[in-house]
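J.: Submitted below is the structure of interest, expressed as structure tokens.
Values quoted throughout were computed directly from the atomic coordinates according to the rules given, and no laboratory measurement underlies them. These numbers were taken from a predicted model, which means no experiment stands behind them. As a convention, Cβ positions derive from the backbone with ideal geometry for all residues, glycine included, and neighbour counts pool all protein chains shown.
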Amino acid sequence: MTSTPAIPTPMTAAADTASAAVSAAEAADGTGLHGPVTDWFAEHARDLPWRRPEAGAWGVMVSEFMLQQTPVSRVLPVYEQWLARWPRPADLAAEAPGEAVRAWGRLGYPRRALRLHAAASAIQERHGGDVPREHAQLLALPGVGEYTAAAVASFAYGQRHAVLDTNVRRVFARAVTGRQYPPNATTAAERKLARALLPEDEELASRWAAATMELGALVCTARSPECHRCPIAAQCAWQQAGSPVHDGPPRRAQTYAGTDRQVRGKLLAVLREAVTPVPQVALDAVWDEPVQRARALDGLVSDGLVEPLSGGRYRLPHA
Ligand code: SF4
């Protein structure tokens, strides 16, 4: 009996192309991508304040905290005000953490403000007020994870680190792995690939990190990549595979309306505006549903973003 040869489906064909592309890219160490991407960056990079020399390592660190979950356009005004008020870590560390929460404004995920304040205090105590250069020392700061440590070491100090944010992961997923989107959470395989693609030369590696991030932000965007103006379109595995649609787990949708996050944002907005402690009744006015409102307020208190006082009053944290 003769066996019938398997007919390749579009999915298996895409997967084969993708795995071939991975092998090709790993074999080539990504060297074919470095020149086009960094040349494109030299011509098209946005002039952002944290990329200017005067930003220094502190400016880079502040921007990285703010940009993690917030778009550039919303970060820009808050970043400018922040650096004008607190040009050095010591300036921020000298103030109450509540002032950081107040200045964070509407950037969202305000625990980042507390963490940045804690990082500034640790920089002052452990490093004499200068943002440390070593990746391990950066990683040891409160609120600084693998991504932020790599980003500061790379962007501020020109070191060689794989800097793997959402934009970079998407570019690598498409250009190298041949998939429309990366997995929901960063995988060991992605880290390995990012390290394999990193240029050997330290200075080039630093530019590559910034350039891949910018490419993902401006050209290889999540919803509508502009492949016609992409410097690596000719090598892109996803393009070569015929742009196969996403076949992984559903992508997480961000919702806001009606969530505890929204209620927390409304409560915090009242406290940010207040110069004196706020009575419970003023907080009760921002959301009708009492159980959700109480849960949101409890969450803010347990996160250290709000300080309860006697007499049912609340304020931003003072210590
Ligand atoms: S060719 Fe298109 S999909 Fe591929 S990396 Fe460039 S912008 Fe992204």
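J.: Grab the DSSP H runs of the chain that are 4 residues or longer, score each as -39,500 (n - 2.57), total them, divide by all residues and round the 222 nm result to the nearest 500 deg cm²/dmol.
T.: Taking each H run of at least 4 residues, the total per residue is -16500 deg cm²/dmol.
J.: Not counting the cut sites, what is the longest span of the chain without trypsin sites (Lys or Arg not before Pro) that DSSP labels loop and that have at most 13 other Cβ atoms within 10 Å?
T.: Of all site-free stretches, the longest is 107-222.
J.: Within the chain, what is the longest stretch that has no GluC sites (Glu not before Pro) placed in a DSSP loop and near at most 13 other beta-carbon atoms within 10 Å?
T.: 1-133
J.: Please report, to one decimal in angstroms, the Kirkwood hydrodynamic radius of the chain built from all distinct Cα-Cα pairs.
T.: Final number for the Kirkwood radius of the chain is 21.8 Å.
J.: Using the Cα centre of the stretch 172-261 as the reference point, and only Cβ charges (+1 on K/R, -1 on D/E), how large is the resulting charge dipole? Debye, rounded to the nearest 20.
T.: Taking the Cα centre of the stretch 172-261 as origin, the dipole is about 380 debye.
J.: Then there's this: Please find the FRET efficiency linking Ala42 to Thr276, where r is the Cβ-Cβ separation and R0 is fixed at 51 Å, and quote it to the nearest 0.05.
T.: Using R0 = 51 Å, I get an efficiency of 0.50.
J.: Quick one: putting +1 on the C-beta of Lys and Arg, -1 on the C-beta of Asp and Glu, what dipole do you get for the stretch 225-319 around its Cα centre, in Debye to the nearest 20?
T.: With Lys and Arg at +1 and Asp and Glu at -1, about 140 debye.
J.: Determine one quarter of the surface area of the Cα convex hull of the stretch 163-270, which equals its mean projected area, and express it in nm² to one decimal.
T.: So the Cα hull casts an average projection of 9.3 nm².
J.: Toward the positive end of the charge dipole of the chain, about the Cα centre and with charges on Cβ (Lys, Arg +1; Asp, Glu -1), which of Pro132, Leu218, Leu107 goes farthest?
T.: Leu107
J.: Once fully extended, how much extra length lies between Glu146 and Arg251, figured as 0.36 nm per residue of separation less the alpha-carbon to alpha-carbon distance?
T.: 35.5 nm
J.: Rounded, prolate or oblate for the stretch 76-116? Axes are the square roots of the Cα gyration tensor eigenvalues, ordered a ≥ b ≥ c, and the cut-off for rounded is a/c under 1.5.
T.: Oblate, since a/c reaches 1.5 and b/c is not below a/b.
J.: Further question: Using +1 at the C-beta of Lys and Arg and -1 at the C-beta of Asp and Glu, which of Leu92, Val281, Thr177 has the Cα lying farthest in the positive direction of the dipole of the chain?
T.: In the chain, that residue is Val281.
J.: Using the Cα gyration tensor of the stretch 74-174, with a ≥ b ≥ c the square roots of its eigenvalues, what is the shape: rounded (a/c below 1.5), prolate (a/b larger than b/c) or oblate (neither)?
T.: Note, shape of the stretch 74-174 comes out oblate.
J.: With the contact rule set at Cα under 8 Å and sequence spacing of 6 or more, what percent relative contact order holds for the stretch 68-204?
T.: 16
J.: Also, I was wondering about something else. Stokes-Einstein D for the stretch 154-198 at 10 °C, 1.306 mPa s, Kirkwood Rh over Cα pairs, in µm²/s?
T.: 145
J.: How many angstrom lie between the C-alpha centres of the stretch 244-278 and the stretch 48-78?
T.: 21
J.: OK, next. Taking the Cα centre of the chain as origin and charging only Cβ (+1 Lys, Arg; -1 Asp, Glu), how large is the dipole, in debye to the nearest 20?
T.: Charge dipole of the chain: 740 debye, to the nearest 20.
J.: Can you tell me, using C-alpha contacts under 8 Å and at least 6 residues apart, the relative contact order of the stretch 180-319 as a whole percent?
T.: 18
J.: Still on this structure, I have one more. Could you give the DSSP H helices of the chain that reach 27 angstrom or more along their long axis (alpha carbon positions) and whose average Kyte-Doolittle hydropathy is no lower than -1.0?
T.: Span-like helices, by this rule, are absent here.
J.: Right, next: Given an 8 Å cut-off on Cα distances and at least 6 residues of separation, report the relative contact order of the stretch 137-206 as a percent.
T.: That works out to 34 percent.
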